[in-house]
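Report on the following structure.
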Amino acid sequence: MMRMGSGVRGAHYEKETKQWRLQLDSDKTVSTRFLLPALGFASKPYVPNFPGLEDFEGQWFHTARWPQQGVDLSGRKVALIGTGASGVQVAQEAAKSASKLTLYQRTPILALPMQQKKLSEEDQERDKKGYAAIFETRKQTSGGFECQSLDVSALEVDEKARTAHFEDLWQQGGLRFWYHNFADLLINREANRHAYDFWRDKVRARIVNPNLVELLAPSEPPHPFGTKRPSLEQGYYEIFAQENVALVDLKATPIIRVKPHAIETDDGEMECDLIVFATGFDAGRGGLIDMNITGTNSLSLSHAWEDRVRAYLGMAVAGFPNMLFAYGPLSPSGFSNGPTSAEIQGDWICDFLVWMRENGVDLFEADPAAETGWTEMVAQAGAMTLFPEADSWYMGANIPGKKRQLINFPSVSGYVALCEDVANEEYRGFVIDKPTSKEHLTK
């Protein structure tokens, strides 16, 4: 049975009945044996708490809550806050029709050219023949795409060969310059700097206004390339040559307050009648915490994750029996092709539930030691990379007060292997409860 248009206000585990009791926003309650939140890792938008926003007399939206009927930007004075994926998209479109677009930038986005092209029917038919092989290949790559990074270091080839590879990836477009690059791009500063310098020079050649060069493509990298997700762009850097587009550096002139018809910074006021927040999400934990989930001993998920996110296999939390979530924290989620991760975890969860039924298992729960071990392993893997050097949502650094922590497992192929090992060892790391016996499957 599927209930459409039903929000969950809370979920509480009842130890006596071994059931989850869900409180819906319709005031109805539902009891279920298993709780499988499938909210994704980015389901809770983040809107900065700017003073005066409640007094703004125009419209304001977060890009993740865009009105279904759309927003007419023609002739509008648009204030766009944020330069992540949706910020780039909105900027490119708003620049075409807004009377004024003011883009508020904290950190320059290291965007990559999308290089889109139309596919002919022949192209599509040819590609369809390879779908089965492509879908299988995804599980064998680190990012869950059809391509993998090279096995060679950027420092093991000469400058000519390195530049040629960079250029090839650049012309192919998409995220290839990020995930199909040299093996040590995200673990070696010198290798990473070569990639950044190539990106910088390519982008600077497209910036017309000399006063904006250092803001959009700085001489020194604002962070290691690729440690914040590169957005994909189509003409993004060209819009800054238009008279109706302005760029505000929030590090130099931070926002002080929102006024009824303007945004005030240290440098003055800019009028606007529409504010667009492209300010991202409380990634990993936000949506799950908002469900008000309470496990055994009245332990809330928000309290369990108060100091940091913990989850065995990126799917199960100690103290929350018969609960598994997919495409969430401490799995490849944000580091991968989304459908790849969701399919891998969805299949694994289904296989686990079938195994429970066939083996007479009534209840499962992540073992605390296994949960801690997995959480520490992800942290240690992150410490071997350049990701901790960026204030990104990958590290939880975009949310005030949120503890810095790498919230994504760094490899799809590695994740698949570990999950398969757990299943092959009769779901090692879970406390398994049968009606007549109890087994502690931790090795």
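The values are calculated or read from the model by the stated rules, or taken from the named source; none is laboratory data. Owing to the predicted nature of the structure, the values given are computational and were not obtained by experimental measurement. Cβ sites come from the backbone with ideal geometry, for glycine too, and all protein chains shown count toward neighbours.
Things to note:
- Residue in the range 105-112 that is of a type in the set (D, E, K, R), surrounded by 12 or more Cβ atoms within 10 Å (Cβ to Cβ), at pLDDT 95 or above and not in a loop (DSSP other than H, G, I, E, B) present: no
- All conditions but one from (1) of a type in the set (A, V, I, L, M); (2) touching a residue at least 60 places away in the same chain (Cβ under 8 Å); (3) farther than 15 Å from S333 by Cα apply to A379; the one that does not is (2).
- Candidates F182, F198: the one that is farther than 15 Å from P108 by Cα, outside any loop (DSSP other than H, G, I, E, B) and touching a Ser or Thr at 6+ places or on another chain (Cβ under 9 Å) is F198.
- V208 vs. criteria among the β-branched types (V, I, T), surrounded by 15 or more Cβ atoms within 10 Å (Cβ to Cβ) and more than 24 Å from F281 (Cα to Cα): no
- Matching residues, the range 150-159, being out of contact with any Leu (no Cβ under 7 Å at 6 or more places or on another chain) and part of a loop (DSSP other than H, G, I, E, B): L150, D151, V152, S153, L155, E156, V157, D158
- Matching residues, the range 293-314, being part of a strand (DSSP E or B) and either without any contact (Cβ under 8 Å) to a residue 12 or more places away in the chain or of a type in the set (S, T, Y) (or both): T294, S300, Y312
- Among the residues making up the range 135-159, a single one is without any contact (Cβ under 8 Å) to a residue 12 or more places away in the chain and closer than 13 Å to A195 by Cα: E159.
- Among the residues making up the range 216-264, those that are of a type in the set (S, T, N, Q) and touching a residue at least 60 places away in the same chain (Cβ under 8 Å) are T227, S231, Q234, Q242, N244.
- The single residue among G173, G143 that is at positive phi and surrounded by 15 or more Cβ atoms within 10 Å (Cβ to Cβ) turns out to be G173.
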